[in-house]
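A short reminder: the numbers here are calculations on the coordinates, not readings from a lab. Predicted model, so just to flag it, every value in this text is computed and none were measured. Note: ideal-geometry Cβ built from the backbone for every residue, glycine included; neighbour counts use all protein chains shown.
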């Protein structure tokens, strides 16, 4: 059987077993409710006497998340949600409440000035644990894999029009060249959240925490801000040339050292395509009936990547 088709088999969560497991870790004072249910994860809200905790059951495509989250919390307890329990075999994770999502605060750019350096410091530190993460199933989206993944993308039935497909095909040689240019900067690859937006950064008091590591990979760190900047454009309506983008870039780069502005620009540009590779990985794991809805978002991601193709870079095959 084709490996992609195998990965569409998603077993339903054993709700009774999950609730028993939750009660072995905490003492709920009310009904355990479903917060949301997606093909890739189910989240339950668990009320306690003095707080709320959250249970997450990850589908196989995100089965690495409980371990990764726990490892990050162990090393970075000031910026990752507190892990109360995990079951790696079943893909279960129990987290303490992290406060209010930045989405509820309007996604203020000022908050990202604080969040991005914290995230960059975590990334720098986790570079020492890359091979450990890979060995435990964190997806390998390192830059060396990007050209092959781009060519794989071209073999797919994509939700794009004929002209968009043509532009992707013509850009393939230049994409490979740009990957080589980015690699020359020798920025260490590390954990890349790949879903770093307003719904995954939480605030309690003055403390910011980064949540939801299920879309993560080992990849070029600077590609992280592809998603962050997209939401600032779409939600906050910041125009592409707004000064906030350079301020946030500089805040993010500060922990990495000087002289990396051009590397960041390049990573943001071709990282938009790397983001589509992550989406395709998620798509491959979906049952057929869930793909049409998923493809609505995928089309947006693909077209934002295609917007990075510039006429002078288009090389005919």
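Rg/Rh for the stretch 213-317 to two decimals, with Rh computed the Kirkwood way over all alpha-carbon pairs. Result: Rg/Rh = 1.00.
For the chain, the alpha-carbon coordinates run over 63, 48, 37 Å along the three principal axes, in decreasing order. Ranked by the mean number of other Cβ atoms within 10 Å of their residues, highest first, the peptides 57-63, 29-35 fall in the order 57-63, 29-35. Annotation: Cα Rg of the stretch 159-221 relative to the compact-globule expectation 2.2 N^0.38 Å equals 1.63. In the elastic network of the chain, a GNM with C-alpha springs shorter than 10 Å, the most mobile of 23, 67, 247 is 23. Let me know the Kirkwood hydrodynamic radius for the stretch 87-175, please, with Cα pairs as the basis and the value in Å to one decimal. It works out to 17.7 Å. Using C-alpha pairs under 8 Å with a sequence gap of at least 6, the mean separation divided by the residue count of the chain gives a relative contact order of 21 percent.
Taking 239, 108, 221 as the candidate residues, the one with maximal mean-square fluctuation in a Gaussian network model of the chain, Cα springs under 10 Å, is 239. For the stretch 123-173, the C-alpha radius of gyration divided by 2.2 N^0.38 Å, with N the number of residues, is 1.58. Length gained on full extension, residue 307 to residue 35, computed as 0.36 nm times the residue gap minus the Cα-Cα distance: 94.4 nm. Across the stretch 114-260, the convex hull enclosing all Cα atoms gives 154 Å³ per residue. Across all C-alpha atoms in the stretch 36-107, the radius of gyration and Dmax reach 12.6, 37 Å.
Comparing 133, 193, 36 in a Gaussian network model of the chain where C-alpha atoms under 10 Å apart are linked, the largest mean-square fluctuation is found at 36. Potential lengthening of the chain between residue 242 and residue 74 amounts to 56.8 nm, from the contour at 0.36 nm per residue minus the alpha-carbon distance. At R0 = 41 Å, how high is the FRET efficiency between residue 110 and residue 16 if r is their beta carbon distance? Nearest 0.05 is fine. The calculated FRET efficiency here is 0.35. Would you mind getting me the FRET efficiency between residue 121 and residue 152? Use the beta-carbon distance for r and R0 = 30 Å, nearest 0.05. Once rounded, the FRET efficiency stands at 0.35.
In terms of overall dimensions, the stretch 185-258 has a Cα radius of gyration and Dmax of 13.1, 38 angstrom.
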